[in-house]
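Taking it in order: structure first as structure tokens, then the write-up.
The values are calculated or read from the model by the stated rules, or taken from the named source; none is laboratory data. Quick caveat, the model's predicted, so the values are computed rather than measured. Note that we place each Cβ from the backbone using ideal geometry, even for glycine, and neighbour counts take in every protein chain shown. All accessible areas refer to the heavy atoms of the entire protein, side chains included, with ligands and DNA or RNA removed. Shrake-Rupley method; radii C 1.70, N 1.55, O 1.52, S 1.80 Å.
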Amino acid sequence: MIRLYDLSLEALESLLTEWGYPVFRARQIWRWLYAQKATRFDQMTNLPADLRQQLEAQTTLSALEPVRELASSDGRTVKWLFRLADGQLIESVLMDYADGRRTACISTQAGCAMGCVFCATGQMGFARHLSAGEIVEQAIILARWLEARQERLSNVVLMGMGEPLHNYEAVLEGIHRLNAPEGLGIGQRHITLSTVGLVPQIRRLADEGLQVKLAISLHAASDEERSALLPVNRRWPLAELMDACRYYIDKTDRRVTFEWALIAGENDVPEQAHALGRLLHGLLCHVNLIPLNPTQGYGGSASGSESVARFQAVLSDYGVTSTVRVRRGIDINAGCGQLKAETLRGEA
Ligand code: SAH
Ligand code: SF4
């Protein structure tokens, strides 16, 4: 079976030509895939019946089967668990914000090879990369869900399961299709890529000439502390990571976001706040503070509000702006990898 969302427009055009149809049929199908977000071939009413039959027989519209869909108690976060054709499970989350943003948080890999100690996905290990189609289809399904409610998907964050820069080619193709006017039409500035800090790929991304937002999962401001939380830091320590971030800022003129999961008594202490302030002072950046989401495989707990406030105050002394991100959908395991972990444990 050919999975239609895995094809580029060019590949779809070649397929149609091979089947003996005029090339413009490819663009018609493309519109059904990305603009109308069709779920069945019989919706594709402007295609000849024999073409619809051939599509039905030889291709598939969807590679993602929803196995669970959970809404948080406040109704503003919805989380999906999808089964892929080979049985792998991935998660996507939709968040709605008071300012009208509708943000899809999507996965780029099944599992993750980076082994960050506090992360439920890292605790599972790496299964495989997702294809560009599997990446994009998550956004399609969430956008379709919104459109059924007269709403529109406005933002996409690559912050679900997996390390996007470890799956570079598929992620870049995915971003292109999320962004393209004949794709989902989401502005590059409304797409955020979050990375644990793969230095060569950050530099490569800087050279792509894109305007996507870059978020760096920092979580610690000394090599010792960071290597203990994020093993990847042993490969690319802070000095190299910060050089790559400066390169990204220089090349793109875009503000970089630093993510910091606040762990009580670990990285929320004044020494770490001062170290972070010194590291980021003068840089075009912003810090997102997220109280840790506790996971099965890690003993740490979330910082209390006093430590969070103290941490923020120190940063502001260094002229570093920060926001405390509200933890969304805690009651539906909306943290990265947590719904899958729970489902595999058979608790729900
Ligand atoms: N692999 C990428 C993107 C996916 S993780 C990355 O690491 O950046 C998305 C974000 O969730 C990262 O900032 C990650 O550090 C954070 N995260 C993972 N587990 C968490 C937890 N238990 N509590 C709070 N944040 C967590
Ligand atoms: Fe992978 Fe990101 Fe989780 Fe680290 S935090 S294990 S890089 S998904």
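Taking the Cα centre of the chain as origin, sum charge times position over the Cβ atoms of Lys and Arg (+1) and Asp and Glu (-1), and report the length of that vector in debye to the nearest 20.
So the dipole magnitude of the chain works out to roughly 500 debye.
Excluding Gly197 itself, calculate the net charge of residues whose Cβ lies under 10 Å from the Cβ of Gly197, where each Lys or Arg counts +1 and each Asp or Glu counts -1.
Neighbourhood net charge equals 0.
To test your reading of the geometry: what angle, between 0 and 90 degrees and rounded to tens, separates the Cα axis of helix 9-18 from the longest principal axis of the chain?
20
In whole angstrom, note down how far apart the Cα centers of the range 192-207 and the range 233-295 are.
Using only Cα atoms, the two centres lie 14 Å from each other.
How would you classify the chain from its alpha-carbon gyration tensor, with a ≥ b ≥ c the square roots of the eigenvalues: rounded for a/c under 1.5, else prolate if a/b is greater than b/c, otherwise oblate?
prolate
Ignoring everything but the protein chains, give the 1.4 Å probe accessible area of Lys251 in square angstrom, nearest 10.
It works out to around 110 Å².
Show Met159, Met1 ordered by accessible area, largest first, where the area counts protein heavy atoms only and the probe is 1.4 Å.
Largest to smallest exposure gives the sequence Met1, Met159.
Of all beta bridges DSSP finds with both residues in the range 65-347, what is the antiparallel percent, to the nearest 5?
50
Hey, can you find the accessible area per residue of the range 65-347 for me, probe 1.4 Å, expressed in square angstrom?
Here the residues of the range 65-347 average 40 Å² of exposed surface.
Obtain the nm distance between the two label points defined at Val23 and Tyr97 by a simple spin-label model: each point lies 7 Å from its Cα along the Cα-to-C-beta direction.
Inter-label distance under the simple model: 4.1 nm.
Would you list Tyr34, Tyr247 from the most to the least accessible area, probe 1.4 Å?
Tyr247, Tyr34
Ordered by residue, what ³J(HN,Hα) values in Hz, to whole numbers, does the range 299-314 give under the Karplus form 6.51 cos²θ - 1.76 cosθ + 1.60, where θ = phi - 60° and Gly and Pro are x?
My calculation for the range 299-314 gives x, x, 10, 5, 5, x, 5, 5, 5, 4, 5, 5, 4, 4, 5, 4 Hz in order.
Taking a probe of 1.4 angstrom, what is the accessible area of Leu284 in Å², to the nearest 10?
Spelled out: Leu284, probe radius 1.4 Å, area about 80 Å².
Which of the aspartates and glutamates could a cross-linker bridge to Lys251, judged by Cα under 16 Å and excluding same-chain residues fewer than eight apart?
Cross-link targets: Asp207, Glu208, Asp243.
Normalised by the residues of the range 2-60, what does the relative contact order come to in percent, with Cα pairs under 8 Å and at least six apart?
Here the relative contact order equals 35 percent.
When Lys and Arg each count +1 and Asp and Glu each count -1, what net charge do the other residues less than 13 Å away from Asn46, Cβ to Cβ, add up to?
Around Asn46, the charge tally is +3.
Please give the net charge around Ser322, taking every other residue with its beta carbon less than 14 angstrom from that of Ser322, where Lys and Arg add +1 and Asp and Glu add -1.
Residues near Ser322 contribute 0 overall.
What distance in nm separates the simple spin-label points at Ser305 and Ser14, each placed 7 Å from Cα in the Cβ direction?
5.8
How high is the relative contact order of the chain, in percent, with contacts defined as C-alpha pairs under 8 Å that are six or more residues apart?
This gives 15 percent for the chain.
Given a 1.4 Å probe and every protein chain left where it sits, what share in percent of the accessible area of the chain is carbon and sulfur?
Ligands and nucleic acids excluded, carbon and sulfur give 49 percent.
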